[in-house]
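This report concerns only the one structure given below.
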Amino acid sequence: MPVRTRIAPSPTGDPHVGTAYIALFNQVFAHSQNGVFVLRIEDTDQQRSTPASEEAILSSFKWLGLQWDEGPDKTGPYGPYRQSERLPLYQKYAKQLIKNQQAFYCFCSTERLNQLRKKKISDKKTPGYDGHCLQLTTSQVTEYLSANTAYVIRMKVPQEGVCEIQDMLRGTITIPWQQIDMQILLKSDGWPTYHLANVVDDYCMKITHVIRGEEWINSAPKHQLLYQYFNWTMPILCHMPLLRNPDKSKLSKRKNPTSINYYRDMGYLPEAMINYLARMGWSMPDEQEQFTLQTMQTHFNIKRISLGGPIFDQEKLAWLNGLWIRNSLTDAQFKARLLEWLLQINDYDTLLPLLKSRIHTFRDIAAQTVFLFSDAPELNISDFESLMTSLDITKQYLQFILWRLEATDVWESDCLFLTLKTLASQLNIKINQLMPMIFITICGSLKSWSIVDSMVLLGPNITRTRFKKAIDLLGGISKKQVKTYEKIYHHLADISTNT
Ligand code: GLU
């Protein structure tokens, strides 16, 4: 049977380096064995999935040089490759489980489930469904259904004993069934949850190996049970170690930029990015540092993956990128890549009119645009001391702005301006009080052209990173402080929705 692997990203938010890392190992594993690598879009979370995010995932994967054989942008024998286009399939399989009494209708109201959760938490028990609707008689179920009562379909799970999972890298993993909830498989709107859709699709797409992040280990018992219920052979599981921040915590955008687009916009070469992601937990037999995707594939042996949490360290990545620039690009290629980057990082329709109205000669351009083409400005606390707000308040406001920017999908001048203006009015201050701190954060000086235009030119990833750097410079925010800030911040949003 040919090896078939898949990457199954959910199109929510920015394309994450962790997703690219898992995609890389799936691709290399499949292609090193003449197998097939599939890209499947798991867009069953209707609230959070967006076409823009799907588009960003595909384009960032292409930029990295990843090559999937089947996917939503390609043909293939097992499509469609977008879960939102496969709903009847999941509904059919959910009904089959009901028929075989391996799943049940649950008519519990949200209030009842909320109360149940609160009670379990106060009793210090693992939150989870208590099996209430398992007690319903067949005629009660028929009655509810004919009255069109809203329902979800949940899977039955054993209440005792342990589940043993086999993992390619970790051997046998044992998880007590008590920890496993009677998972909802089909929601009241007829959409599947991740678990049902993922298992059905892995089966229907003939996936032989599931290589994914270790955060999914706890889902494996549910998946294994579903395979047993359906009488299907389960793919071989391989849970990869998670990428970590230098302080060993799980890689998070609070501490490290995680968007692939950030690294593209910062001027990293895709070959260096792929090389670095390959080095996360894996090494070449001769331990060489610099190698191509093709070389990795030739020498790939999944057993060489080490389970110690690989650290995603920007300094090492920058070092490796320098190596690629020096060792692997001819001068002509270097020039071509540089021009490509310059063209790609800027929206020249926005930039050129701004420049035209401000310069006398082309040599004036560098001074005007230094903040666009360099890394974040070198700031000192004293840069913020001259502002009207205290350093503490400045830090708080910068964090509020960052949260608003993180929630902003439309990265256009008018929209950004409105976002800032709304925040200022919710804070009961004039927008002119927010502007200077933004100027310093973004450009390093109070003199520049319109700050929202600058933010558009820099793009969301670089802009947000500059805010994080400024917040860190002002002392960073402890977990406790985050909670306090969040309270104030949510209160602001409430005030505006109530008025
Ligand atoms: N949609 C899941 C994700 O967002 C896929 C997890 C898996 O590979 O099973 O990562």
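Quick check on my link table: of 125/253; 62/479; 248/469, which ones sit more than 29 Å apart, alpha carbon to alpha carbon? Among 125/253; 62/479; 248/469, the Cα-Cα distance tops 29 Å for 125/253; 62/479. When +1 charges are put on Lys and Arg Cβ atoms and -1 charges on Asp and Glu Cβ atoms, the dipole computed for the chain relative to its Cα centre reaches about 1020 debye.
The angle between the Cα long axis of helix 51-64 and the longest principal axis of the Cα atoms of the chain comes to about 70 degrees, rounded to the nearest 10. Each Lys and Arg adds +1 at its Cβ and each Asp and Glu adds -1 at its Cβ; summed about the Cα centre, region 29-72 shows a dipole of about 140 debye. State whether region 308-408 is rounded, prolate or oblate according to the following rule on the C-alpha gyration tensor (a ≥ b ≥ c being the square roots of its eigenvalues): a/c under 1.5 gives rounded; otherwise a/b larger than b/c gives prolate, and the remaining case gives oblate. Note, shape of region 308-408 comes out oblate. Taking the longest Cα principal axis of the chain as reference, the axis of helix 451-473 is set at about 80 degrees. Take region 2-159, drop everything but the C-alpha atoms, weight them equally and run the Debye formula without solvent; then report log10 I(q)/I(0) at 0.17, 0.21 Å⁻¹ to two decimals. Here the Debye-derived log intensity ratios amount to -1.03, -1.22.
Answer rounded, prolate or oblate for region 112-236, using the Cα gyration tensor with square roots of eigenvalues a ≥ b ≥ c: rounded when a/c is under 1.5, else prolate when a/b is larger than b/c, else oblate. Note, shape of region 112-236 comes out oblate.
Per residue, the solvent-accessible area of region 111-179 (1.4 Å probe, heavy atoms of protein chains only, all protein chains present) comes to 69 Å².
Please give every one of the aspartates and glutamates within straight-line cross-link reach of residue 118, meaning a C-alpha to C-alpha distance under 14 Å, and leave out same-chain neighbours fewer than 8 residues apart. Here the aspartates and glutamates satisfying the reach criterion relative to residue 118 are 130.
When the chymotrypsin sites (Phe, Trp or Tyr not before Pro) in region 208-316 are filtered for DSSP coil states and for at most 16 other beta-carbon atoms within 10 Å of their beta-carbon, the remaining sites are 232.
Please identify every one of the GluC sites (Glu not before Pro) in region 209-298 that sits in a loop by DSSP and has no more than 15 other beta carbons within 10 Å of its own beta carbon. Passing sites in region 209-298 are 287, 289. Checking every one of the GluC sites (Glu not before Pro) in region 302-381 against DSSP loop status and a limit of 15 other Cβ atoms within 10 Å picks out 378.
Calculated mean residue ellipticity at 222 nm for the chain: -15500 deg cm²/dmol, from DSSP H runs with n ≥ 4 weighted as -39500 (n - 2.57), summed, divided by the residue count and rounded to 500. Lys and Arg at +1, Asp and Glu at -1: add these up for the other residues within a Cβ distance under 11 Å of residue 365 and post the number. Result for the local shell: +2. For the chain, the longest principal axis of the C-alpha atoms and the axis of helix 194-204 are separated by about 70°.
Hydrodynamic estimate: the Kirkwood radius of the chain over Cα pairs, inserted into Stokes-Einstein at 25 °C and 0.890 mPa s, corresponds to D of 95 µm²/s.
Among beta bridges identified by DSSP and lying wholly in the chain, the antiparallel ones come to about 55 percent. By the rule of a C-alpha distance below 19 Å, with chain neighbours fewer than 8 residues away ignored, the lysines paired with residue 95 are 156, 187, 222.
The values are calculated or read from the model by the stated rules, or taken from the named source; none is laboratory data. On a predicted model such as this, the values are computed, not experimentally measured, just so you know. Positions of Cβ are generated from backbone atoms using ideal geometry, with glycine treated the same way; all protein chains shown enter the neighbour counts. The area values use the complete protein model at the heavy-atom level, side chains included, leaving out ligands, DNA and RNA. Shrake-Rupley method; radii C 1.70, N 1.55, O 1.52, S 1.80 Å.
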